[in-house]
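Each remark here refers to the structure printed beneath this line.
Values in this text are rule-based calculations from the coordinates and carry no lab data. Worth saying up front: this structure is predicted, and the values here are computed from it rather than measured. All Cβ positions, glycine included, derive from the backbone under ideal geometry; neighbour counts span all protein chains shown.
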């Protein structure tokens, strides 16, 4: 059970770092400045909205280490928003984009599973259920 929570945190941090770095270094989610009247810019600027969501995903993933199970739902929502924000300005043929979408989807799935898991002692393992003699 703790393994699912740890995996959700690690995949969330990796997805956020990958999206942030991919936006800065690669053309993951660049702002498209092309229109009918203006020529396309060779190096369009990075999308600050995607970078902000990537940073927020890293923060919510780190908060999941110490927070309650409800924080995983916030992590899942941020992963959905990050994936949706990358769609309009990304090319699907780029492997960096494919990995970013895969990590966002894995974060969503693992976060929902981790949020639904119950942490605690089972009824059989509870020390208060010891047999009483005498």
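Between residue 65 and residue 94, with labels modelled 7 Å along Cα→Cβ, what's the label distance in nm to one decimal, could you check?
Rounded to a tenth, the inter-label distance reads 3.0 nm.
For the pair residue 105 and residue 6, how long in nm is the line joining their label points, each one 7 Å along Cα→Cβ?
2.6 nm
Label the stretch 41-82 by shape, choosing from rounded, prolate and oblate, from the square roots a ≥ b ≥ c of the eigenvalues of the Cα gyration tensor; if a/c is under 1.5 it is rounded, and otherwise prolate applies when a/b is larger than b/c, oblate when it is not. Write out the running numbers ahead of the final one.
On the way: a/c = 5.86, a/b = 2.94, b/c = 1.99.
Verdict is prolate for the stretch 41-82.
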